[in-house]
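The values are calculated or read from the model by the stated rules, or taken from the named source; none is laboratory data. Since we're looking at a predicted model, the values are computed, not measured. Cβ atoms come from the backbone with ideal geometry, glycine included; neighbour counts cover every protein chain shown. Accessible surface areas use protein heavy atoms only, side chains included; no ligands, DNA or RNA. Shrake-Rupley method; radii C 1.70, N 1.55, O 1.52, S 1.80 Å.
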Amino acid sequence: MAFYQPQQKPAPAGQYLGGGGGEAASYYNDAPQQPAQQYYTVPPPAYAPPHVEGQRPPEYTFEEKFVVKKPKYNDIWAGVLFILFVLGFAAVSALAIRGYATTRAVQGTGIYNDTSNDFGLSTNTIILFIFILGMSFVLAWGYLLAVRVFTKQIIYVTAIANIVVGLATAFYYFQQKYYSAAIVFLIFAIFYAFCFWSWRSRIPFAVVMLQTAIDVAKNYGHIFLVSFIGGLVALAFGAWFAVTFVAVYARYTPSASNPACADGGCSSGKVVGLLVFVTFCGYWITEFIKNAMHMTVSGVYGSWYFCAGTPAGMPKRATIGAFKRTMTYSFGSVSFGSLLVSLIQLLKQACSIAQSDAAMDGNLITCAIFCVLRCLLGFVEWAVQFFNHYAFSLIALYGKAYIPAAKDTWKMMKSRGLDALINDALIDPVLTMAAVFIGYLSALLAYLYLKFTSPTYNDDGAYTPVVLAFSFLVGLQISNTILNPLKSGVSTIFVAMAWDPTVMLRDHRELYDRIVRVYPRIQDAVSGV
């Protein structure tokens, strides 16, 4: 089907539609304009049949609107591997928890009665993780509701709160002479302060996109319900992971005071190996939950972009249709993309723990090396997640395999000039700031909990880096999962705009004009179609 050609052409690049100005306008108008592009042409999705006046528009489903071409099932190997790892995690969890249950007398039944356990994590730690899970869930959902009500102000509040809490936490750790954590949190705070200062002029554009995502979430599909259910699933898995993590220590840590080792089978190597496996599975399963939510939400936002302005309107049961596609045809693709991120996150977590251990031993050179490695891995993780986010939006609508979808998405972005637009959109980093903020509080809660409860296993502070690192991880992952639908909405709008930018002019002209007022360079993306 031929592209729709609007009668009113976009204003020349660098000029506003409807006026506007200010610092943001100066930033974007002064930016160098991109040269003419050779557009990467792709066929738009099939639109609903023409509407005849006086007749009721025909209804259609998500599956009829966004047809999946053969082969419908992609990346099957990754889906099978993911299922095997989930089963493996369940098996390790069952064995570890069974062993933990037989040593309850040593592990304790509450916060303060674990005096017999001087060899590994105990019930005291499980209770801590439960506190962190509950706090992270409440804070993340409270933040999501605050975004819904105070959309414009939340960006400033998020950045300032993140910086202030990061600095305050770092200074507190310095005061307590816990230098490894203090240095890490200070670096985070300084980095985010620099980012906020350099992002000031881009905030108006971020506000427009965030307001759009919230407006669609309020009026179409079940975005907030997906966030709530996905958050509960992540919370339940987080609790399961926490119990398994502690149970592995309790069951397999070699010690004369560990009754689980009476019949042998305990060794430090086994503990390390099982913890690596359990942690990797935890990352992979959490990433899968988050990406499955992302693809479900992408189906709703894609339906809004392509269908809300047509006479037939939104497809029936768009949310259910997108979820079914995610868990069937695209199950392997979600597993594949999540696997890549999980491997990087595992290496990054290992560097974090090694860095903390080196700092506690006073080995500053080793600490600096692991800090650099962690930063490099963080960049690689960001790059993979960047491609994942936009590739999954395309997969959600058209069911492609993971690697072809990633290639097609990047080609479309480059051909439309939307790669620069994505770099200037602050939604993802702002919401990540919020998740990091909750991670700060989770790590601080863990530190204070260990300090005031003084569990026997941590008399020498050896387990403090491990507990703080995983507390930060739990808070970060739960928050990212709950806030993910808002990121999904914005990324899907960008992907849909790259796929067929004329729909923006035809069906969402008011949104287009609002974006142009604060980001004139968007005209480059649609002026050549």
(request) Would you mind counting up the charge near LYS152? Only other residues with Cβ under 15 Å from its Cβ, with Lys and Arg at +1 and Asp and Glu at -1. (result) +4
(message) If I take all pairs of Cα atoms in segment 154-219, what percentage of them are more than 17 Å from each other?
(response) 52 percent
(message) Ranking request for peptides 237-247, 332-342, 93-103: highest mean number of other beta-carbon atoms within 10 Å first, then the rest in descending order.
(response) 332-342, 237-247, 93-103
(request) Provide the gained length on full extension for the span ALA262 to VAL80, in nm with one decimal, where the gain is 0.36 nm per separating residue minus the Cα-Cα distance. (result) 61.8 nm
(message) Using 26 Å as the Cα-Cα cut-off, could you pick out the over-long pairs in LYS152/LYS400; LYS407/LYS487; LYS177/LYS487; LYS69/LYS348?
(response) LYS152/LYS400; LYS177/LYS487; LYS69/LYS348
(request) May I ask you to compute the full-extension gain from LEU95 to SER454, defined as 0.36 nm times their residue separation minus their alpha-carbon distance, rounded to one decimal in nm? (result) 126.4 nm
(message) Just to be sure I understand the curve: with the Debye formula and one point per C-alpha of segment 246-285, what is log10 I(q)/I(0) at q = 0.15, 0.18, 0.31 Å⁻¹?
(response) -0.36, -0.48, -0.99
(request) Quick one: which residues, 5 or more positions from THR61 or on another chain, have an amide H under 5 Å from its amide H? H modelled 1.01 Å from N in the peptide plane, none for Pro or chain starts. (result) LYS316
(message) So for segment 459-529, considering every pair of alpha-carbon atoms, how many percent are separated by more than 16 Å?
(response) 64 percent
(message) In whole Å, what are the extents of segment 371-478 along the principal axes defined by its C-alpha atoms, from largest to smallest?
(response) 59, 29, 27
(message) Restricting to Cα atoms and excluding each atom paired with itself, what does the Kirkwood estimate give for segment 304-351 in Å?
(response) 13.4 Å
(message) Could you give the length gained by full extension between LYS70 and ILE365, i.e. 0.36 nm per residue of separation minus their alpha carbon distance, to one decimal place?
(response) 100.8 nm
(message) Output wanted: per-residue J couplings in Hz (rounded whole) for segment 277-289, from phi through Karplus 6.51 cos²θ - 1.76 cosθ + 1.60, θ = phi - 60°, x for Gly and Pro.
(response) 5, 5, 5, 4, 4, x, 4, 5, 5, 5, 4, 4, 4
(request) Compute from the Cα atoms of segment 286-388 the Rg and the Dmax, the latter being the longest Cα-Cα distance, and quote both in angstrom. (result) 20.0, 68
(message) I'd like the FRET efficiency for GLN153 and ILE403, computed as 1/(1 + (r/R0)^6) with the beta carbon distance as r and R0 of 30 Å, rounded to 0.05.
(response) 0.15
(request) Please check which bits of segment 437-461 a label hung off PHE194 would reach, taking the label as a point 7 Å along Cα-to-C-beta and the cut-off as backbone N under 13 Å. (result) none
(message) Amide H of ASP500 versus every other amide H placed in the peptide plane: which residues, excluding those fewer than 5 positions away on the same chain, fall under 5 Å?
(response) none
(request) Please calculate how many Å² of accessible area segment 363-415 carries per residue, with a 1.4 Å probe and no DNA, RNA or ligand atoms counted. (result) 47 Å²
(message) Students often check this: by mean Cβ neighbours within 10 Å, which of 441-449, 254-262, 281-289 ranks highest, and how do the rest follow?
(response) 281-289, 441-449, 254-262
(request) May I ask you to order 162-171, 457-466, 474-483 by the average number of other C-beta atoms within 10 Å around their residues, highest value first? (result) 474-483, 162-171, 457-466
(message) Through the Karplus equation 6.51 cos²θ - 1.76 cosθ + 1.60, θ set to phi - 60°, convert the phi angles of segment 146-155 into ³J(HN,Hα) values in whole Hz; use x for Gly and Pro.
(response) 5, 4, 5, 8, 10, 4, 6, 7, 5, 5
